[in-house]
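A quick write-up on the structure given underneath.
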Amino acid sequence: MKNLRIVFMGTPEFAVATLGALLMNGFNVVGVVTAPDKPAGRGRRLSKSRVKEFAEESYLPVLQPDDLNDPQFEASLRNLEPDLIIVVAFRKIPSKIWRIPSLGTFNLHASLLPHYRGAAPVNHAIINGETVTGVTTFMIDDNIDTGNILLREEVPVMPNENAGDLKTRLMKTGARLVIKTIEGLASGTLKPVPQSTFLKPGEIPKTAPKIYPQDCIIDWTKDNVSINNLVRGLAPDPGARTFLKRKNEYLVLKIFESLPAQGQAYSQPGTIITDNKTTLTVTCGKGDLKIITLQLEGRKKMSVSEFLRGISLKECEISANKPA
């Protein structure tokens, strides 16, 4: 099993834990495929992916194709003679690539498939108020996140944790699940099963599409638990946001940490309640939301007490939308 020739494909921090687990467990990683370097920061200097940084530190060969259909990339991959390709947080892979290894290509996904297929499974699980999520390994096919399932492992969602916290825990659990998956495939004891096996009759899988800026805007007419879930599900990045109207100025106000609070006798959602010193609460359609950590446009992330020392909210109001 340890002689299997493995090619690893991944890009962000989430994928690094699995690559590290492969090396720590003595697997033969013969190559790493990751995204091309991209300009980043004010100087627009080329930045390496976290997977590339780790691969180089581990003296692993790295391939960075712009196009996965490029014949030169295909030839380079075939020259590595992989028995197995493992994919974690990468892009859609053409069939001529995932069909290369004799044992096939499998993917680690940060949800309990078939639920939460898509680009943002961790975020959407929290936004939807799930109390349990997990990780899944599955064989790649021609569609996105629809292949036959190999292994799944449940992970509880803690009441106040955000997407970043949960992703860290799923990353570690997922790395262990990948090792178990390789062992099962190598020994022939693990048989893929259709995703429909895990659905109740008539049940429709929940989805996890990419999150866009408009998805981050807080609708204060919703209940405080739903809004708090949105805050948790978008923290630490990209952050749930609203607009702070100050005279004729509209500033983006990001909220990174909050707690549902008992409702006040205010009928208008979006009303600011503050002692101008240490507390800041906003009314919701049902209940209120106590703000703990936030960031005003042009400033750093800070606690409410720090925020209130630098701004007077007497002439400010919350606005759901910024005028065009």
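Which residue is surrounded by the fewest Cβ atoms within 10 Å (Cβ to Cβ), if the candidates are limited to the stretch 152-209 and must be part of a helix (DSSP H, G or I) and acidic (Asp, Glu)?
Here is the first cut: in the stretch 152-209, the ones part of a helix (DSSP H, G or I) are 163-187, 195-198.
Remaining after also requiring acidic (Asp, Glu): 165, 183.
Details: Asp165: 17, Glu183: 13.
Checked the stretch 152-209; the qualifying residue surrounded by the fewest Cβ atoms within 10 Å (Cβ to Cβ) is Glu183.
If you take the residues in the stretch 4-27 that are closer than 10 Å to Leu84 by Cβ and outside any loop (DSSP other than H, G, I, E, B), which one is nearest to the chain's Cα centre (by Cα)? Talk me through it step by step, then tell me what you get.
Pass one, the stretch 4-27, residues closer than 10 Å to Leu84 by Cβ: 4-8, 27.
Now drop any that are not outside any loop (DSSP other than H, G, I, E, B), which leaves 5-8.
Numbers: Arg5: 29, Ile6: 25, Val7: 23, Phe8: 19 Å.
Ranking the qualifying residues of the stretch 4-27, first place goes to Phe8.
Go through the stretch 173-218 and count every residue that is touching a strand residue (DSSP E or B) at 6+ places or on another chain (Cβ under 9 Å), of a type in the set (Lys, Arg) and more than 20 Å from Leu84 (Cα to Cα).
Residues meeting the conditions: 1.
With respect to Ile127, is the statement that it is in contact with a Gly (Cβ under 6 Å, 6 or more places away or on another chain) and either of a type in the set (Lys, Arg) or surrounded by 14 or more Cβ atoms within 10 Å (Cβ to Cβ) (or both) true? Full working, then the answer.
Working: in contact with a Gly (Cβ under 6 Å, 6 or more places away or on another chain): yes; either of a type in the set (Lys, Arg) or surrounded by 14 or more Cβ atoms within 10 Å (Cβ to Cβ) (or both): yes.
So Ile127 passes the test.
Here are Met139, Met158: which of them is modelled with pLDDT of 95 or more, under 25 Å from Pro238 (Cβ atoms) and not assigned by TED's automatic domain parsing to the domain that holds Asn224?
Numbers: Met139 fails: under 25 Å from Pro238 (Cβ atoms).
Being modelled with pLDDT of 95 or more, under 25 Å from Pro238 (Cβ atoms) and not assigned by TED's automatic domain parsing to the domain that holds Asn224 holds for just one of Met139, Met158, which is Met158.
Pairs only if they're at least six apart or on different chains, beta carbon under 8 angstrom, first in the stretch 296-324 and assigned by TED's automatic domain parsing to the domain that holds Ile218, second in a loop (DSSP other than H, G, I, E, B) and exposed (fewer than 10 other Cβ atoms within 10 Å of the Cβ); list them, first residue then second.
Arg299/Gly310; Glu315/Lys247
The values are calculated or read from the model by the stated rules, or taken from the named source; none is laboratory data. What you see is a predicted model, and the numbers here were worked out from it, not measured in a lab. Backbone-built Cβ (ideal geometry, glycine too); neighbour counts: all protein chains shown.
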